[in-house]
Amino acid sequence: MSKPQVLQIGALSERFNRTLAERYDVTALWQQADPMQFLKEHGATFELLVSSARFGCSGEQLACLPNLSVICSFGVGCDPYPLEQLRDRGIVISTTPDVLNDCVADLAMGLMIDSARQLTAADRFVRAGHWLSGNYPLTHKVSGKKLGIVGLGRIGQAIARRAQGFDMPVRYHKRRQDPDSSYGYAADLLELASWADFLVLACPGGAATHHLIDAKVLSALGPQGILVNIARGSVVDQAALVSALLDGSLGGAGLDVFDGEPAVPQALFGLPNVVLLPHVGSATQETRLSMEELVLANLYAFINNGQLLTPL
């Protein structure tokens, strides 16, 4: 009995790639000499596609896949997919929610602590031998500070729960108030930024949130405020962020994502109140394994009963 054919847009872990190839007849698009030409010639072959929030599937690629039925995506971000085209064609898509909530929320708390207490900057201070010449400058407290969260989905709620252990008052902003939430709701983003000591971004990427955090929001957060972004780089006007950090109109930032990553503005490299991470929110052994298993489980469920376990 032949294995189902699967098109894989981009490589994931060696473990995942190996397991997928053991179970299915996999075509690795990135290994083709001319990926777009390959799709134009052979795209009609594929009904099943595996990709990720990093690689996505462009509208141009989708147009070459006339018989596609499903996309099983690694990650929770959907901005690299042409969702309207998928809906119009009745193509379903699954993501990997919930299994990464804890690690991303843990990282958000770590970025808050590090950007306020300057842990990594203090570590560099010690390693460079500067402690021999004097103490590290005073930093800022985290416990009891006011936390504003932009987006109160699964990850935002996990961050809010952790903040309770730090005695942090929590308010949130999203398009609609959550009737089941006990946290304060701020319909006005500027109002939330003005109130908050920390503003954590946990909202989706895409056109609806593009540059949602602009110069006005950063100014409202102010010279004592800290921005933490574990969402998408596109949510922040990066030029405005760099300017605010350099001129001191923003107190600090903890950033796991960037607009145009892996390129990061070099102007940020020397700032002790800015923490720069290489998009590692879900990057733990445990979480990545769970994400891989959920992608495989979604693909298996769709092939065997036409249903996804975690549809978008």
**Asked** Quick one: Cα convex hull volume of segment 114-242, Å³ per residue?
**Response** 121
**Prompt:** Using +1 on the beta carbon of Lys and Arg, -1 on that of Asp and Glu, and nothing else charged, what's the dipole of segment 161-312 about the Cα centre, debye to 20?
**Reply:** 200
**Request:** Taking 7 Å along the Cα-to-C-beta vector as the label spot, tell me the ASN304-GLU22 distance in nanometres, rounded to one decimal.
**Result:** 1.6
**Item:** Candidate aspartates and glutamates - alpha carbon under 19 Å from LYS174, same-chain residues fewer than 8 apart omitted
**Value:** ASP79, ASP188, GLU191, ASP197, ASP214, ASP237
**Request:** Sum -39500 (n - 2.57) across every DSSP H segment of at least 4 residues in the chain, then divide by the residue count to get the 222 nm mean residue ellipticity, nearest 500.
**Result:** -10500 deg cm²/dmol
**Fill in**
For segment 1-106 (alpha-carbon point model, no solvent) the Debye-based log₁₀ I(q)/I(0) at q = 0.17, 0.19, 0.22, 0.23 Å⁻¹ works out to -0.80, -0.99, -1.28, -1.37
**Message:** Can you give me the convex hull volume of the Cα atoms of segment 181-312, divided per residue and expressed in Å³?
**Reply:** 152
**Complete:** Restricting to lysines and to Cα separations under 26 Å from LYS141, and discarding same-chain partners fewer than 8 apart, the set is LYS216
**Message:** From Cα pairs below 8 angstrom and at least 6 apart in sequence, can you work out the relative contact order of segment 255-309, rounded to a whole percent?
**Reply:** 28
**Message:** Just to be sure I understand: of the beta bridges DSSP finds with both ends in the chain, what percent are antiparallel, rounded to 5?
**Reply:** 5
**Prompt:** Dividing the convex hull volume of the Cα atoms of the chain by its residue count, what figure in Å³ per residue is obtained?
**Reply:** 155
**Request:** Specify the residue with the greatest mean-square fluctuation among PRO80, PRO137, PRO262, computed from a Gaussian network of the chain linking alpha-carbon atoms under 10 Å apart.
**Result:** PRO137
**Message:** Give me the dipole magnitude in Debye, nearest 20, for the chain about the Cα centre, with unit charges on the beta carbon: positive for Lys and Arg, negative for Asp and Glu.
**Reply:** 500
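Bear in mind these aren't lab numbers, they're just calculated from the coordinates by the rules spelled out. Everything numeric here is computed off the predicted structure, so don't read it as measured data. When we count neighbours, we look across all protein chains shown, and the Cβ atoms used for this are built from the backbone with ideal geometry, even at glycine.
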